[in-house]
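Can you read through this structure? Questions will come right after.
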There are 2 protein chains.
Amino acid sequence: MNIRFYNARILTMEDYLSIIEGEVWIKGNTIVHVGKIDFEKTKNIGMTDWHREIDVKGNLLMPGFKNAHTHSGMTFLRSYADDLPLAEWLTKQIFPAEAKLSKNDIYEFTILAITEYLTSGITANFDMYLEPNAITQAAVDVGFRTVQCGSLNDFSQSIEQMEEYYLKLNECHELSSYILGFHAEYTTSRKRLEQVASLAEKYRAPVFTHNSETKEEVEGCMERYQKTPTKLFEELGIYEYGGGGFHCVYLNDEDIEIFKKRKLSVVTNSGSNTKLASGIAPIQKLINHHINVAIGTDGPASNNCLDMFREMFLTTGLAKIKEKDASVVDANQVLYMATVGGAKAMGLKDCDVLKAGKKADIIMIDLKQPNMQPLNNITKNIVYSGSKINVKMTMVNGKILYEDFKFNIGRNLDEIYEKVELLKSRII
Amino acid sequence: MNIRFYNARILTMEDYLSIIEGEVWIKGNTIVHVGKIDFEKTKNIGMTDWHREIDVKGNLLMPGFKNAHTHSGMTFLRSYADDLPLAEWLTKQIFPAEAKLSKNDIYEFTILAITEYLTSGITANFDMYLEPNAITQAAVDVGFRTVQCGSLNDFSQSIEQMEEYYLKLNECHELSSYILGFHAEYTTSRKRLEQVASLAEKYRAPVFTHNSETKEEVEGCMERYQKTPTKLFEELGIYEYGGGGFHCVYLNDEDIEIFKKRKLSVVTNSGSNTKLASGIAPIQKLINHHINVAIGTDGPASNNCLDMFREMFLTTGLAKIKEKDASVVDANQVLYMATVGGAKAMGLKDCDVLKAGKKADIIMIDLKQPNMQPLNNITKNIVYSGSKINVKMTMVNGKILYEDFKFNIGRNLDEIYEKVELLKSRII
């Protein structure tokens, strides 16, 4: 499909936060032009045959949000076991339910999550869950971009399986990629951690994991190894080729130095850290150390929504509370984390900004909603005032999957909901 | 208009949080039936002539949210002066801009705020701003319910003016009411505070004010009076007939005892307290003391959105962070604050629950959005996962003002936006 967007405001994110006016042209899955209309160029790239020409009416086109940490398949547990601390929530409610999951369950639960991502302008996720093949299938079937993260631990996924996923899911489809990873230090034996390090070495590949999410997690690791999780991973060689951590609420100064040295990313999960009372991540400190920060919703069982607008506000808001300073982690920094920072963490080099040659992962923000008015400062409006109601369109890989609150994913929503209710009733 | 809602799930909020299935019937501005269909009753109340019969399709009807503290007219300042601490923000950015406001400016800026309230399922606000006549006019013109709060201080509104507003705006229209109030201790001299106390005495009327929003505010009051704002107001007789405080982040134990004794309400403003780095209110402690808590967005200049879903999540989330306990201030308590608690604070005795005889201030929550699925727990879904996208309808006083993302307020939205941009450009 060749699609022309005209009368657009465009936040390319290329030169940070300036907004230009003009057009965005899409050929297949790729952006071929961004900016003022240019008839000479139109001729040169043979783009006069449009399948669709969309009047953006002064609304905003920008790169889609990257949900840099989630467990999509957990939609079935939304609002099932709330108001519990992390350890009790995991061991008493979550793990027993997950033990009953089939591939088909995870396929359908993931589809439900993807529909929610689309309503929130999320064009790619960094997904960590069971049955990676089913997850990729779900994403590919609806046209969504998914980067999966290894979820190895002592109870599921062997190192051989992870290697197999790594090789297969990085090659099988342009919407699919895979990054090495493991669940967390507290669920993974030293032997297995060493295997992860060897695999990272073998492929010179980055590794991601839950890292320092709670105080108890860090204390447990200190007891077991007399060092923090970050220091342990570093010494084992796990972070030799980059990667990063999810949550990272309790990093100490030495940890932060390791993150800096290894160019690791921190994926912050404010909604989940808030709801599970885990704490507030030191985002301003990370920025001061020039560490790449990305934003993730975490799974729907702990958040419970998959909404980047809420995460963005929480990321700036909680930092302000933590530092007792309204000027820290301003909205524009947060918008960068939610787009470019996420793409960087997830290895999506072609999906970060709006520019000719990049993949067409684009959203349209409705500036004609009351919460965006007046247009004093559009980027601050998005972070401080934005909501799912502002997502007018979500395009992934050149295809419009969501537009004016309607889905174009080859599936009927009511049928998805019915299937999820049915499958869920067997499990919980 | 006589309107029949059928095939509904109904959260009446009457017996706290049980959800029933059935119908809601509206005659004029009043609810005449809630529950199972009842043909005998239909005949008795002469309700067979429906102007509209609405198939709710299993979605949820519930009482509209009450935005229990806001400054609607400040929409013109949204995203204008962000990332500043409260004192600097107020004195350098806000007060100078406000000095230039006309009645017509405030009328139009208020209309913009009301449109946003409707998108968030808010059916009434507790508004504190300049030019109360213009605010009432705006609300009445679009059909919105507004309770105004006196905003007396040393720079605007005399005690005579406030009395005049009190008498007029409580009588002029069924959508309008007025509660005595003043801006804050730090902007109001002792003499004026004493005048407020006399007026409260004269009408045996409750009084509201900004109370203990920041640490600096309380410290300043301690220096001036050697007591906290709450203790000062209590001693002056301001709280003799009830009322309450906005924000209330820094209440000490003695303050809380006064709130309990005088049956005062706390209106919490989590979004604003977060964004201005003011701190986290002691909500769990207030609940322990059986103090009525309501929720407000505060004004769009400090929040910057007018979104009860964000406020509800923040109210529970910040409490969990503050108490380091995921079980405190659970979602259902928050839902109560956002509806019944607000109505109680605002004196809206007939707008709190869905029940025959109550005013028809009703919203429809779209449960067919991905973020509400599966239906493990509907009320927790609303608080932990809800968004403006879930507001399918907002009815105020029996009239549907917003439905399926469209407005029915006798005004065109683009015209409102243009007018606001134009008026604003004169001021900032």
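The values are calculated or read from the model by the stated rules, or taken from the named source; none is laboratory data. On a predicted model such as this, the values are computed, not experimentally measured, just so you know. Note that each Cβ is placed from the backbone with ideal geometry, even for glycine, and that neighbours are counted across all protein chains shown. Note: accessible area is taken over every heavy atom of the protein model, side chains too, but ligands, DNA and RNA are not part of it. Shrake-Rupley method; radii C 1.70, N 1.55, O 1.52, S 1.80 Å.
Does the range A:56-67 contain any residue that is basic (Lys, Arg), open to solvent by less than 10 Å² (accessible area, probe 1.4 Å), within 13 Å of chain B (Cβ to nearest Cβ) and under 23 Å from B:ASN371 (Cβ atoms)? Let's see the steps before the verdict.
First, the residues of the range A:56-67 that are basic (Lys, Arg): A:57, A:66.
Filter again for open to solvent by less than 10 Å² (accessible area, probe 1.4 Å), leaving A:66.
Keeping just the survivors that are within 13 Å of chain B (Cβ to nearest Cβ) gives none.
No, the range A:56-67 contains no residue that is basic (Lys, Arg), open to solvent by less than 10 Å² (accessible area, probe 1.4 Å), within 13 Å of chain B (Cβ to nearest Cβ) and under 23 Å from B:ASN371 (Cβ atoms).
Restricted to the range A:340-357, and to residues that are part of a loop (DSSP other than H, G, I, E, B) and open to solvent by 20 Å² or more (accessible area, probe 1.4 Å), which residue is nearest to A:ASN125 (Cα to Cα)?
Residues of the range A:340-357 that are part of a loop (DSSP other than H, G, I, E, B), as a first pass: A:346-357.
Restricting the remaining residues to those that are open to solvent by 20 Å² or more (accessible area, probe 1.4 Å) gives A:347, A:349-350, A:352, A:355-357.
Numbers: A:GLY347: 11, A:LYS349: 14, A:ASP350: 15, A:ASP352: 13, A:LYS355: 21, A:ALA356: 23, A:GLY357: 21 Å.
So the residue we want is A:GLY347.
Return the residue satisfying two criteria in turn: it lies in the range A:409-426 and is more than 21 Å from the chain's Cα centre (by Cα) and under 26 Å from A:PRO63 (Cα atoms), and of such residues it is least open to solvent (accessible area, probe 1.4 Å). First the steps, then the outcome.
Applying the first criterion (more than 21 Å from the chain's Cα centre (by Cα)) to the range A:409-426 yields A:410-426.
Cutting the leftovers down to under 26 Å from A:PRO63 (Cα atoms) gives us A:410-411, A:413.
Values: A:GLY410: 81, A:ARG411: 65, A:LEU413: 29 Å².
Out of the qualifying residues, it is A:LEU413.
Of everything in the range A:188-213, what is open to solvent by less than 10 Å² (accessible area, probe 1.4 Å) and out of contact with any helix residue (DSSP H, G or I) (no Cβ under 9 Å at 6 or more places or on another chain)? Give them in sequence order.
Passing the criteria: only A:ALA200.
Which pairs have Cβ atoms under 6 Å, sit 6 or more apart or on different chains, and link a residue in the range B:275-295 that is within 14 Å of chain A (Cβ to nearest Cβ) to one that is basic (Lys, Arg) and surrounded by fewer than 21 Cβ atoms within 10 Å (Cβ to Cβ)?
That search, which allows pairs on different chains as well, returns B:ALA277/A:LYS324; B:ILE280/B:LYS322.
Which condition number in (1) out of contact with any strand residue (DSSP E or B) (no Cβ under 9 Å at 6 or more places or on another chain); (2) at the interface with chain B (Cβ under 7 Å from one of its Cβ atoms); (3) in a helix (DSSP H, G or I) is the one that A:ASN376 fails?
Unmet for A:ASN376, out of (1) out of contact with any strand residue (DSSP E or B) (no Cβ under 9 Å at 6 or more places or on another chain); (2) at the interface with chain B (Cβ under 7 Å from one of its Cβ atoms); (3) in a helix (DSSP H, G or I): (3).
Among the residues of the range A:379-400, write down those that are within 7 Å of chain B (Cβ to nearest Cβ) and within 20 Å of the chain's Cα centre (by Cα). Let's see the steps before the verdict.
In the first step, residues of the range A:379-400 are kept if they are within 7 Å of chain B (Cβ to nearest Cβ); the result is A:380-381, A:384-385, A:387-389.
Of everything in the range A:379-400, those that are within 7 Å of chain B (Cβ to nearest Cβ) and within 20 Å of the chain's Cα centre (by Cα) turn out to be A:TYR384, A:SER387, A:LYS388, A:ILE389.
Select, from A:GLU116, A:GLU40, A:GLU53, the only residue that is outside the structural domain of A:GLU216 (by TED's automatic domain parsing), at pLDDT 95 or above and either surrounded by 21 or more Cβ atoms within 10 Å (Cβ to Cβ) or not in a loop (DSSP other than H, G, I, E, B) (or both).
Working: A:GLU116 fails: outside the structural domain of A:GLU216 (by TED's automatic domain parsing); A:GLU40 fails: at pLDDT 95 or above.
Every option except A:GLU53 fails the conditions.
Of these, B:ASN292, B:ASN288, B:ASN303, which one is under 24 Å from B:THR123 (Cα atoms) and open to solvent by 10 Å² or more (accessible area, probe 1.4 Å)?
B:ASN292
What are the pairs with Cβ atoms under 6 angstrom where one residue, in the range B:142-161, is farther than 15 Å from B:ALA200 by Cβ and the other, located anywhere, is acidic (Asp, Glu) and not in a loop (DSSP other than H, G, I, E, B)? Sequence gap at least six, or different chains.
B:THR146/B:ASP127; B:GLN148/B:ASP127
Same structure, new question: Quick check, is A:THR70 modelled with pLDDT of 95 or more, within 14 Å of chain B (Cβ to nearest Cβ), crowded, with 20+ Cβ neighbours inside 10 Å and closer than 27 Å to A:GLN137 by Cβ? Show your work before the answer.
On the way: modelled with pLDDT of 95 or more: yes; within 14 Å of chain B (Cβ to nearest Cβ): yes; crowded, with 20+ Cβ neighbours inside 10 Å: yes; closer than 27 Å to A:GLN137 by Cβ: yes.
When the stated conditions are applied, A:THR70 passes them.
In addition: Check off (1) touching a Gly at 6+ places or on another chain (Cβ under 6 Å); (2) at pLDDT 95 or above; (3) at the interface with chain B (Cβ under 10 Å from one of its Cβ atoms) for A:LEU306 and give me the number that stays unchecked.
Looking at each condition in turn, A:LEU306 falls short on (1).
Shifting gears a bit: Is one or more of the residues making up the range B:135-143 touching a Lys or Arg at 6+ places or on another chain (Cβ under 8 Å), open to solvent by less than 10 Å² (accessible area, probe 1.4 Å), more than 20 Å from B:LYS419 (Cβ to Cβ) and of a type in the set (Gly, Ala, Ser)?
The answer is no, given that none of the residues of the range B:135-143 is touching a Lys or Arg at 6+ places or on another chain (Cβ under 8 Å), open to solvent by less than 10 Å² (accessible area, probe 1.4 Å), more than 20 Å from B:LYS419 (Cβ to Cβ) and of a type in the set (Gly, Ala, Ser).
Yes or no: the range A:155-173 includes at least one residue that is out of contact with any Gly (no Cβ under 8 Å at 6 or more places or on another chain), buried (at least 24 other Cβ atoms within 10 Å of the Cβ) and not aromatic (Phe, Trp, Tyr).
Our first condition is that a residue be out of contact with any Gly (no Cβ under 8 Å at 6 or more places or on another chain); within the range A:155-173, this holds for A:155-156, A:158-161, A:163-164, A:167-173.
Right, trim to buried (at least 24 other Cβ atoms within 10 Å of the Cβ) and you get none.
The answer is no; no qualifying residue exists.
Here's another thing I want to ask about it. Return yes or no: is A:ALA124 within 12 Å of chain B (Cβ to nearest Cβ), buried (at least 24 other Cβ atoms within 10 Å of the Cβ) and at pLDDT 95 or above?
Against the criterion (within 12 Å of chain B (Cβ to nearest Cβ), buried (at least 24 other Cβ atoms within 10 Å of the Cβ) and at pLDDT 95 or above), A:ALA124 does not qualify.
Would you confirm whether any residue within the range A:381-402 is open to solvent by 50 Å² or more (accessible area, probe 1.4 Å) and not assigned by TED's automatic domain parsing to the domain that holds A:TYR178? If you could, list the steps in order and put the result at the bottom.
Just the residues of the range A:381-402 that are open to solvent by 50 Å² or more (accessible area, probe 1.4 Å), to begin with: A:392, A:399.
Next, only the ones that are not assigned by TED's automatic domain parsing to the domain that holds A:TYR178 stay: A:392, A:399.
Yes: the range A:381-402 contains one or more residues that are open to solvent by 50 Å² or more (accessible area, probe 1.4 Å) and not assigned by TED's automatic domain parsing to the domain that holds A:TYR178.
Restricting to the range B:361-372, give me the number of residues that are over 20 Å from the mean Cα position of the chain (by Cα) and open to solvent by less than 10 Å² (accessible area, probe 1.4 Å). I'd like the intermediate steps shown before the answer.
To start, the set of residues in the range B:361-372 that are over 20 Å from the mean Cα position of the chain (by Cα) comprises B:366-372.
Among the residues that remain, those that are also open to solvent by less than 10 Å² (accessible area, probe 1.4 Å) are: B:367, B:370-372.
So the count comes out to 4.
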